[in-house]
C-alpha cells in the first residue's frame, strides 16, 4: 500500500520536528515547511493526502492558506492553533478545514486526528453508492459529486459526509452527537461548536437564503434536519 503523504506547515522547528517524527513512525511520508508562502506553494502542487497547518505563520497565515486551498481543491486540512478561545479555534473550520487541534497538544493526538480525517476522506472518495435527488439538489455518493440548481459544488470530505447523512434520512432530526459520529467518527473528541461550523459551511454552499433554508433547518435545543423535497421526476 502506498504511504500517505502529509504536508506539515509549522514555523516552530521543535514542534514541527516532533510532529514529523511521530507521523513518520506511524507510517506516513512527511514534508515539513516553515513559512506560509512556501507552504501554500507545496500544497498547491497536489502531492499530498493531507495538510497539517499552523494558524500563525510568517508570510501567509494559516487562515489565508486554508481559504486559498479551499477555493482550489479538496485536500483534507487540519489546523493547529494556540488561540485561547473556542471561537478563535474554529476560525479555520469556518474556512473549510476538516478539523483542528489546540496547542499544546499530544503528538499522539495529532496522529490520531490525521488518521481519522484520512479515514473520512477515504470513505467519502470511495462513496457508499446511491444517488439522491431533491428539488434543486443532487448528491451522488458514488462519485462524490454535488450539484445545486444544476451547478457543481465542491465540498470538503467532512461536509460531504454530513450531506450524505442528511440526504439518506430526510426529515430525520439529528442530534449534534449523531452528526459528529456520522461525519467525524465516534472517537472524535471535539465539541458541538465544531459540527455547527461544518453545518454553517455546508449551508453557505447550498442555501440561497440562509435565513430561510431550503435544505438544512436548525431544530433548537436538539440539532439539525434536512428538509429538501425529493425529486422523483
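The values are calculated or read from the model by the stated rules, or taken from the named source; none is laboratory data. The shown structure was predicted, so the numbers you read here are calculated from the model rather than taken from an experiment. Using ideal geometry, Cβ is built from the backbone for each residue, glycine included, and neighbour counts are taken over all protein chains shown.
A few remarks follow.
- Any chance residue 47 is in the same structural domain as residue 118 (by TED's automatic domain parsing) and not in a helix (DSSP H, G or I): yes
- Residue check, residue 204 in a helix (DSSP H, G or I), outside the structural domain of residue 97 (by TED's automatic domain parsing), at pLDDT 85 or above and buried (at least 18 other Cβ atoms within 10 Å of the Cβ): no
- Condition met for residue 23 (within 17 Å of residue 67 (Cα to Cα) and surrounded by 21 or more Cβ atoms within 10 Å (Cβ to Cβ)): no
- Residues that are more than 21 Å from residue 56 (Cα to Cα) and in contact with a helix residue (DSSP H, G or I) (Cβ under 6 Å, 6 or more places away or on another chain) within the stretch 24-35 comprise just one, 26.
- Out of 110, 146, one residue alone is buried (at least 18 other Cβ atoms within 10 Å of the Cβ), farther than 24 Å from residue 227 by Cα and modelled with pLDDT of 85 or more. It is 110.
Results for (1) exposed (fewer than 15 other Cβ atoms within 10 Å of the Cβ); (2) at pLDDT 95 or above, shown as yes or no for each residue.
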{"site": "8", "(1), (2)": "no, yes"}
{"site": "13", "(1), (2)": "yes, no"}
{"site": "36", "(1), (2)": "no, no"}
{"site": "41", "(1), (2)": "yes, no"}
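For every residue, the table says whether it meets (1) in contact (Cβ under 8 Å) with a residue 24 or more places away in the chain; (2) farther than 18 Å from residue 97 by Cβ.
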| site | (1), (2) |
| --- | --- |
| 6 | yes, no |
| 37 | no, yes |
| 44 | yes, no |
| 47 | yes, yes |
| 50 | yes, no |
